[in-house]
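Here, each number is a calculation from the coordinates, and none is a lab measurement. Please read all numbers here as calculations on a predicted model, not as lab measurements. Here the Cβ is made from the backbone with ideal geometry for all residues, glycine too, and neighbour counts use every protein chain on show.
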């Protein structure tokens with residue numbers, strides 16, 4: 001008595017491991033908050049520091065102006081992200097309610113952090129980044145502090161851009177240079193103002 005050969009059940013097609021939606025949403029949202037806070041305050045405080053140091057030649061004024069700019073910008077950016085995230089959520093909810101977005105009214109995964117958390121992450125990123133250009137003025141004389149501050153800020157901006165590039169799948173060194181270009185333009189403009197309005 002012959003038996004027909006047994007057919008092995010077909011193996012399910014291999015699929016690449018998927019990243020949980022929750023983790024993806026949090027990573028994307030956090031990247032937005034950190035990038036906006038850190039890049040903005042690094043650029044702003046570096047520019048203020050250059051303008052005031054060239055215009056006044058006084059380390060105490062540089063520290064005062066830089067710290068004031070760092071705190072004000074961190075609070076401002078945190079508030080901007082808080083309010084903009086709330087506005088985005090309200091708009092999405094409105095579109096889902098009246099069907100203007102063409103959807104069936106189902107709730108899609110969140111693409112941003114909660115408003116309060118979004119503002120807090122941006123504030124912390126901005127505060128920490130804003131201290132980088134200021135730290136050298138605590139321990140160094142004015143001329144040396146300026147050079148060290150520029151070097152530290154440039155390095156931090158490039159590393160930040162490179163990290164964002166790696167996360168987003170872009171060319172890491174190109175994203176690093178992109179952030180440096182923006183900061184460089186701001187620094188040059190502020191230095192020009194300081195030189196033109198030199199006091200003392």
Would you kindly state how much longer the chain becomes between residue 168 and residue 195 on full extension, computed as 0.36 nm times their sequence separation minus their alpha carbon distance, in nm to one decimal? 5.8 nm
Can you compute the modelled spin-label distance between residue 159 and residue 177, with each label point 7 Å from Cα toward Cβ, in nm? 2.1 nm
If packing is taken as the average number of other Cβ atoms within 10 Å across a peptide's residues, how do 76-87, 43-54, 159-170 rank, most packed first? 43-54, 76-87, 159-170
Listing 92, 73 by rising number of other beta-carbon atoms within 10 angstrom, fewest first, gives 92, 73
When you count, for each residue, the other Cβ atoms within 10 Å and take the mean per peptide, how do 178-185, 128-135 rank with the highest first? 128-135, 178-185
Span from the region 173-197 Cα centroid across to the region 38-74 one, whole angstrom: 13 Å
Bin all alpha-carbon pair distances of region 27-196 at 5 Å intervals from 0 and give each bin's fraction as a whole percent. 1, 9, 15, 17, 16, 13, 10, 7, 4, 3, 2, 1, 0
